Amino acid sequence: MTEHQSGLGGYIRLFFQRRFNLHLDKANEEEVVRAIKANTVFVGSSLWTLIFAIFIASIGLNVNSTAVIIGAMLISPLMGPIIGIGLGIGINDLALVRQGGRNLLIAALISIATSTLYFYITPLHDAQSELLARTTPSIWDVFIAFVGGLAGAIAVTRKEKSNVIPGVAIATALMPPLCTAGFGLASGNLLFFAGAIYLFFINSLFICISTYLIVRFLKFNKKYFEDRNTEKKVSRYILITVLVTIIPSIYLAYGIVQKSIFENSAQKFIREEFSFSNTQVVNKSFKYSRNSSEIDLLLIGAELSKPAIDSIRSKLASYKLKGTQLIIRQGLDARANVDFSQIKASIMEDVFSRDSLAKKNVSENKKEVKIPEIREEIKSLFPVIKSYSVASTVFINTDTLKTDTVLQFTATLSGKMPDAEKNRVEKWLKARLRSDKLKVVLE
């Protein structure tokens, strides 16, 4: 039994070693280092490619086109310096860390300057949804950057190059935050600028950390120096650089996690505790800080009594929102200090979404039906029918958005038709027209 278990365990271990071994198709280490070093430098064609990519991404954000933004990220060379920094830290190469950091800073400054110029001269000055999405980092951005960085670092160390790097560039979205920072400068909105730079920093940092982890996992040879003192000095500088970079990132990442948890808890709280038939939440906003957080709600409909509001407030702790201030605006209080454009936008969004859903249901239910020629057959089988019409009809329920498409047969009779004959007409029509959804109207 023990031997069997040992054999089974050995088989499972061998299976995972073969399937998940990153050393199998690993490229020559010197070639990998040389290629990464070459991609960290922004001169000539790389710099012009970056500028053009920034213009494309800025236009995409300006006109709210996801496809254009993705195209810009595909041609962007921004990943090079970030991976170079991670590699430099992993192999103890201070010169490569400096080179990568210097070129990343140059690339970021040129990108921001280019996008600022574009957003300054463009006639479109509204912040679209694609642009607004890059102003407030979330915990998901951290996860995407970290996992994407792992995938990118594995890809650059392979013999056979694949399309992973462009995919990582799209997933981690390095360019849009820089373009959004340019929009913030051009429009004078420093909050947009700070949020976008923060997102770019988070993405770059976690890609760099991922690269370092893969480099150490693959056991790349570290750079050694003949002078022992020089080696210690370089190792010390790299350690200081890593600590100075990582410690703030841990603090920032923790803040992002806490904010995401707060917002998810707040959404759940509103969804479950403000489910009333005659009162509706038309606008909500969240403010998170480590000392005090706030949930601000605007209600329409029947006003909630003070005891009802106090009862709802008492449930905040059960949603892990202890210490959160709940502000409820309703009645006369709702008219004061409220941006009614938000209310209009919320209501119109709801109306349009319902209308779009109804049209979609009608479109999906409306199908082309080929109706055969049955005039002579009806004339022979049912002489009492003098005229008729057959059409595909959409029936819309007024209480819900549900729709149904049926085939309707409407006929004019020259005399009275018995019920048994009417049933025979309906059965014959269902068989002849090959339709189970058939409505027969005999007048």
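The values are calculated or read from the model by the stated rules, or taken from the named source; none is laboratory data. Just so you know, these numbers come straight off a predicted model, no measurement behind them. Ideal geometry is used to build each Cβ from the backbone, glycine not excepted, and the neighbour counts take in all protein chains shown. Note: areas computed on protein heavy atoms with side chains; ligands, DNA, RNA excluded. Shrake-Rupley method; radii C 1.70, N 1.55, O 1.52, S 1.80 Å.
For every residue, the table says whether it meets (1) modelled with pLDDT of 85 or more; (2) under 19 Å from SER45 (Cα atoms); (3) among the polar types (S, T, N, Q); (4) not in a helix (DSSP H, G or I).
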position: ILE83; (1), (2), (3), (4): yes, no, no, no
position: ASN92; (1), (2), (3), (4): no, no, yes, yes
position: LEU104; (1), (2), (3), (4): yes, yes, no, no
position: ALA108; (1), (2), (3), (4): yes, yes, no, no
position: ALA113; (1), (2), (3), (4): yes, yes, no, no
position: PHE119; (1), (2), (3), (4): yes, no, no, no
I'd like the full set of residues that are touching a residue at least 12 places away in the same chain (Cβ under 8 Å), open to solvent by 10 Å² or more (accessible area, probe 1.4 Å) and not polar (S, T, N, Q), limited to the stretch 52-72. PHE52, PHE55, ILE56, ILE59, VAL63, VAL68, ILE70, GLY71
What's the number of the condition PRO123 fails, among (1) modelled with pLDDT of 80 or more; (2) part of a helix (DSSP H, G or I); (3) under 21 Å from ALA57 (Cα atoms)? (2)
Please find, within the stretch 20-47, the residue that is farthest from ARG158 (Cα to Cα) out of those that are in a helix (DSSP H, G or I) and of a type outside the set (A, V, I, L, M). SER45
Based on what the data block shows, is GLU294 open to solvent by 70 Å² or more (accessible area, probe 1.4 Å), of a type in the set (Asp, Glu) and more than 30 Å from ILE209 (Cβ to Cβ)? no
Which residues, taken from the stretch 200-228, are open to solvent by less than 30 Å² (accessible area, probe 1.4 Å) and among the aliphatic types (A, V, I, L, M)? ILE202, LEU205, ILE207, ILE214, VAL215, LEU218
Looking at ASN361, ASN283, ASN365 in this structure, which one is closer than 30 Å to GLY255 by Cβ, touching a strand residue (DSSP E or B) at 6+ places or on another chain (Cβ under 6 Å), modelled with pLDDT under 85 and open to solvent by less than 80 Å² (accessible area, probe 1.4 Å)? ASN283
Select from the stretch 181-199 the residues that are modelled with pLDDT under 85 and open to solvent by less than 20 Å² (accessible area, probe 1.4 Å) and list them in ascending order. GLY195, ALA196, LEU199
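Test GLN17 against the criterion of being over 26 Å from the mean Cα position of the chain (by Cα), at pLDDT below 80 and in a helix (DSSP H, G or I), and give yes or no.
yes
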Hits in the stretch 305-323 (condition: surrounded by 11 or more Cβ atoms within 10 Å (Cβ to Cβ) and assigned to a loop (DSSP other than H, G, I, E, B)): LYS315, LYS320, LEU321
Of the conditions (1) closer than 18 Å to LEU150 by Cα; (2) under 28 Å from the mean Cα position of the chain (by Cα), ALA27 clears all except one; give me its number. (2)
